[in-house]
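None of the figures in this text is laboratory data; all of them are computed from the coordinates on show. No experiment lies behind these values; they were computed from the predicted model shown. Backbone-built Cβ (ideal geometry, glycine too); neighbour counts: all protein chains shown.
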Ligand code: TYC
């Protein structure tokens, strides 16, 4: 992919009346009668997004049912998958609820922590680069 850059040699903004390079100039320096030059430079390639794990942390007080409910409500897990993830967190201390781009992971962390806090449970959710 290339970007067209027009660089003016003079301070004059427009010599008037000319649109496009119809000067018949095949010299290769891309010059024309208006004193402008068209430079072509490679455009920066689009970067692939990084992914982030959204992780639930264990605690001693949040009810298991609430964690299962959170996994279904915010991570669209089936009852079966939600139970497996909840038990993984309960037994191992943490577990992955899902993997997302940075902005989505940040939003999931925010809404889950906010929901837990408003429900008066200490459940915590964090994100970690994959
Ligand atoms: N350990 C909690 C209990 O025994 C259950 C629990 C599971 C809490 C997962 C948080 O992310 C969590 N009630």
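Here are some notes:
- When the convex hull of its Cα atoms is viewed from all sides, the range 51-129 shows a mean projected area of 4.4 nm².
- Per-pair calculated FRET efficiency, R0 = 30 Å: residue 129 and residue 69 via Cβ, rounded to 0.05: 0.65
- FRET efficiency for the pair residue 44 and residue 120, taken as 1/(1 + (r/R0)^6) with r the Cβ-Cβ distance and R0 = 41 Å, rounds to 0.30.
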